[in-house]
Amino acid sequence: MSTINTPIEQTWSQRFTALKESFISPHSGDPKTNNLTRAAHALPDNLVDTIANIESKSSLARIINFVSEGIFFVNARGQITLINHIAARLLGEPKEALIGRELTSFLTDQYVNEYLHMFAKIAVDSSIQLNHGPKEVALQQRSGDLLPADLSLSSLPDVADTDEAVIIGVLHDLTAHQAEYGKLRRQARTDYLTGIANRHGFAESLEASWKEGSREGYPLSLLMIDVDEFKVFNDEHGHLIGDKCLQLIASTIELCLPARDCVAARFGGEEFAVLLPRCSAQVVQLIAIRIKRHIGELKFTDLGLPATVNVSVSIGIASQRDGVYKSSDELIAAADGALYIAKNSGRNTISVA
Ligand SMILES: Nc1nc2c(ncn2[C@@H]2O[C@H](COP(=O)(O)OP(=O)(O)OP(=O)(O)O)[C@@H](O)[C@H]2O)c(=O)[nH]1
């Protein structure tokens, strides 16, 4: 053996000696172990560090494979030095293929610069203590799939026998979380009874259309639709049949919409709202006439009611043109005012603001 000089080399040497001792155990009759023993004796001195490094890495690799999150190590250049099978699965390639690869090559463009900058700083100054994230990122897999994940990176300053920074990374798959979030978001925008947008969903769509319409200068119209004498309908046929009636009215309104960017919503109780972007005032009136007619023609015989039972609606229309309304709230108020006039004109009628 050559002379051991530095504390780091002593550490490697001690580990290697312990490794050798375990190979030379007199109790071992295992031919595989004896082969290892012979191999250990035959190793040249300059491989001591390499072997110790491999040995310590392989125990670490075993440990991180027990962890149920994606775990990996990167050096100061952001290259992967060790990775568990969960992180490898999230990056979409076998573990072996990932060693030496740059973490940033798995990030989508919007995140690359931030992480490149971070690694560049650490490469210059290894005393920097990194404690970054968890941050939501999109992982770009080789298959082209994008995977949402939380990524955390933290420096491990004193645990490794090296001057170079060692950074541990944790990846947490957000796919299920995002699917659940999307479902909750849809639920929050949807009316439970009718399945069309609720008031919250309508407000979001109206705000988006208002901004876009103001920017691009296209017309934007609103219909406020209220079922006439619905209290009487409920009183005569019961609340459950009333619910079914509201469902039929909602689907009838939806069927009358001319384009995908039109939105029908239940504004509250027996009141509905319709958002009609890019439609001329003439088209909007034709749509209102069609909605009123189709609702008036609804039959409830499937619900056990006589064919003579029907419902009617009153409709108020307001359209944004030449900047006459200063906000979407003013547009709603105008459509509401027109609806009020329609009601006061005897119901089953349409009024334009
Ligand atoms: N079945 C059912 N009824 C509802 C629901 N929401 C509101 N209503 C009923 O809708 C009725 C609304 O009554 P009013 O506000 O007096 O209006 P209206 O009877 O339709 O009379 P006008 O609007 O003046 O024509 C009430 O009886 C409410 O109970 C619902 O989700 N299901």
Karplus 3J(HN,Hα) series, Hz, for the range 219-236 with 6.51 cos²θ - 1.76 cosθ + 1.60 (x for Gly, Pro): x, 9, 10, 10, 10, 10, 10, 10, 6, 7, 6, 6, 4, 5, 4, 4, 4, 7
Per-q log10 I(q)/I(0), the range 310-353, q = 0.16, 0.20, 0.26 Å⁻¹ (Debye; single scatterer per alpha-carbon; no solvent): -0.41, -0.57, -0.80
Amide proton proximity set for L82, modelled H, under 5 Å, gap of 5+: F73
Solvent-accessible area per residue for the range 211-289 (1.4 angstrom probe, square angstrom): 48 Å²
Gained length - D235 relative to D322, 0.36 nm times residue gap less alpha-carbon distance: 26.8 nm
Residues whose placed amide H lies under 5 Å from that of V166, excluding near-sequence neighbours: L156
The range 94-201 pair-distance distribution - Cα-Cα, 5 Å bins, rounded %: 2, 10, 15, 18, 15, 11, 9, 7, 5, 4, 3, 1, 1
Cα centroid separation - the range 91-160 against the range 169-223, whole Å: 32 Å
Protein accessible area in the range 67-162, 1.4 Å probe - carbon and sulfur %: 50 percent
Mean Cβ count within 10 Å, highest first, over the residues of peptides 246-259, 294-307: 246-259, 294-307
Note, ³J(HN,Hα) from phi for the range 270-286, Karplus 6.51, -1.76, 1.60, rounded to Hz, x at Gly and Pro: 10, 10, 10, 10, 10, 9, 10, x, 6, 10, 5, 4, 5, 5, 4, 5, 5
³J(HN,Hα), Karplus 6.51/-1.76/1.60, whole Hz, each residue of the range 334-351, x for Gly, Pro: 5, 5, 5, x, 5, 5, 4, 5, 4, 5, 6, 8, x, 6, 6, 8, 10, 10
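The values are calculated or read from the model by the stated rules, or taken from the named source; none is laboratory data. Just so it is clear, the structure is predicted and the values come from calculations on it, not from any experiment. Quick reminder, even Gly has a Cβ in these numbers, built from the backbone with ideal geometry, and neighbours come from all protein chains shown. For accessibility, only protein heavy atoms count, side chains too; no ligands or nucleic acids. Shrake-Rupley method; radii C 1.70, N 1.55, O 1.52, S 1.80 Å.
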